[in-house]
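Participant: This structure is in structure tokens; I'll ask about it shortly.
The values are calculated or read from the model by the stated rules, or taken from the named source; none is laboratory data. Note that this is a predicted model, so its numbers are computed, not measured. Neighbour counts are summed over all protein chains in view; Cβ atoms, including those assigned to glycine, are modelled from backbone coordinates with ideal geometry.
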């Protein structure tokens, strides 16, 4: 069980609202407070029925948690307070700055950001107790946006990467791991450099390729899109994601994204040369290798779920 007297979720969009729904559905009985930037979003989040309180003030949410006193029978570990940043990466500096004004040693902070090096650096520079920060990245999401799209089962069976630093508090790491395990995720520990390299290949590059594929089809005088069907829809689904969020991600993970694009260019160049030469053997090996690798991954993924 998640041993925290309050979970403050800063950001009540798809991921933040889904997390609130999920931990409540899994039996968390502590206080859940949501912090948002727009009254309209908070009104939509309120309709979910999983938040005990909603506010536009980070200070108000954190100070409210400090005021909660649990019975001694709950134990010291139950007195901690967990804050989860579920806002776009471009807002992290502002949120960390606000947290720094009222954070105490009992506040454990984590996040759902798609990159980790830049986030860990901000936490180190801005938080008064950086050892209580544990970077995390639940590999779950949707091209849909806002609390209206929230889903309590969004995290079930999916991987979540946590990226502790050398100075990370052991109990803080344990609490953050218990959060993601509570909602059904498989927790994987990496350092932030490993994470950013890996996520560039399996998340950031696919979004870029899907977006550029749509652009390529669109510039073909519209004829290509006129005959596009389910295969094109499946391949390009993620291109419908929020462009603002993805702009932040590509900038925050710039070097790793560039490296992944270079790898993709090399693969496409191999493919192009094989077609140009009429080398059906090379083409077959490339296609069969990709099929075998994806089929194996899909089998493992379904078994994990």
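Residues checked against (1) under 23 Å from residue 159 (Cβ atoms); (2) in contact with a helix residue (DSSP H, G or I) (Cβ under 9 Å, 6 or more places away or on another chain); (3) surrounded by 10 or more Cβ atoms within 10 Å (Cβ to Cβ); (4) without any contact (Cβ under 8 Å) to a residue 24 or more places away in the chain:
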residue	(1), (2), (3), (4)
210	yes, yes, yes, no
225	no, yes, yes, yes
246	yes, yes, yes, no
263	yes, yes, yes, no
267	no, yes, yes, yes
271	no, yes, yes, yes
288	no, no, yes, yes
298	yes, no, yes, yes
303	yes, no, no, yes
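Participant: Kindly provide the set of residues from the range 161-183 that are assigned to a loop (DSSP other than H, G, I, E, B) and either surrounded by 19 or more Cβ atoms within 10 Å (Cβ to Cβ) or touching a helix residue (DSSP H, G or I) at 6+ places or on another chain (Cβ under 8 Å) (or both), ordered by number. Walk me through it before giving the result.
Facilitator: Within the range 161-183, the subset assigned to a loop (DSSP other than H, G, I, E, B) is 164-169, 183.
The answer is 164, 165, 167, 168, 169, 183.
Participant: For the range 141-150, state whether one or more residues are under 21 Å from the mean Cα position of the chain (by Cα), at pLDDT 95 or above and either closer than 22 Å to residue 183 by Cβ or assigned to a strand (DSSP E or B) (or both).
Facilitator: Of all residues in the range 141-150, those under 21 Å from the mean Cα position of the chain (by Cα) come to 141-150.
Next cut, at pLDDT 95 or above only: none.
The answer is no, given that none of the residues of the range 141-150 is under 21 Å from the mean Cα position of the chain (by Cα), at pLDDT 95 or above and either closer than 22 Å to residue 183 by Cβ or assigned to a strand (DSSP E or B) (or both).
Yes/no matrix, rows are residues, columns are (1) touching a residue at least 40 places away in the same chain (Cβ under 8 Å); (2) within 22 Å of residue 142 (Cα to Cα); (3) exposed (fewer than 15 other Cβ atoms within 10 Å of the Cβ):
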position: 189; (1), (2), (3): no, no, yes
position: 198; (1), (2), (3): no, yes, no
position: 205; (1), (2), (3): yes, yes, no
position: 234; (1), (2), (3): no, yes, yes
position: 253; (1), (2), (3): yes, yes, no
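Participant: Shifting gears a bit: For the subset of the range 151-160 comprising residues that are in a loop (DSSP other than H, G, I, E, B) and under 14 Å from the mean Cα position of the chain (by Cα), which member is surrounded by the fewest Cβ atoms within 10 Å (Cβ to Cβ)? Steps first, please.
Facilitator: Just the residues of the range 151-160 that are in a loop (DSSP other than H, G, I, E, B), to begin with: 151-158.
From what is left, the residues that are under 14 Å from the mean Cα position of the chain (by Cα) are 154-156, 158.
On the way: 154: 22, 155: 27, 156: 14, 158: 18.
It comes out as 156.
Participant: Also: Of the residues 228, 224, which single one is part of a loop (DSSP other than H, G, I, E, B), modelled with pLDDT under 95 and not assigned by TED's automatic domain parsing to the domain that holds residue 47?
Facilitator: After applying the criteria, what remains is 228.
Participant: Does residue 12 meet the test of being surrounded by 20 or more Cβ atoms within 10 Å (Cβ to Cβ) and assigned to a loop (DSSP other than H, G, I, E, B)? Even if it seems obvious, please write down each step before you answer.
Facilitator: Values: surrounded by 20 or more Cβ atoms within 10 Å (Cβ to Cβ): yes; assigned to a loop (DSSP other than H, G, I, E, B): yes.
Against the criterion (surrounded by 20 or more Cβ atoms within 10 Å (Cβ to Cβ) and assigned to a loop (DSSP other than H, G, I, E, B)), residue 12 qualifies.
Participant: Being closer than 19 Å to residue 51 by Cβ and out of contact with any strand residue (DSSP E or B) (no Cβ under 9 Å at 6 or more places or on another chain) is the filter here; which residues of the range 119-159 pass it?
Facilitator: 145, 146, 148, 149, 150, 151, 152, 153
Participant: Return yes or no: is residue 61 assigned by TED's automatic domain parsing to the domain that holds residue 144, surrounded by 22 or more Cβ atoms within 10 Å (Cβ to Cβ), part of a helix (DSSP H, G or I) and at pLDDT 95 or above?
Facilitator: Working: assigned by TED's automatic domain parsing to the domain that holds residue 144: yes; surrounded by 22 or more Cβ atoms within 10 Å (Cβ to Cβ): yes; part of a helix (DSSP H, G or I): yes; at pLDDT 95 or above: no.
For residue 61, the condition - assigned by TED's automatic domain parsing to the domain that holds residue 144, surrounded by 22 or more Cβ atoms within 10 Å (Cβ to Cβ), part of a helix (DSSP H, G or I) and at pLDDT 95 or above - is not met.
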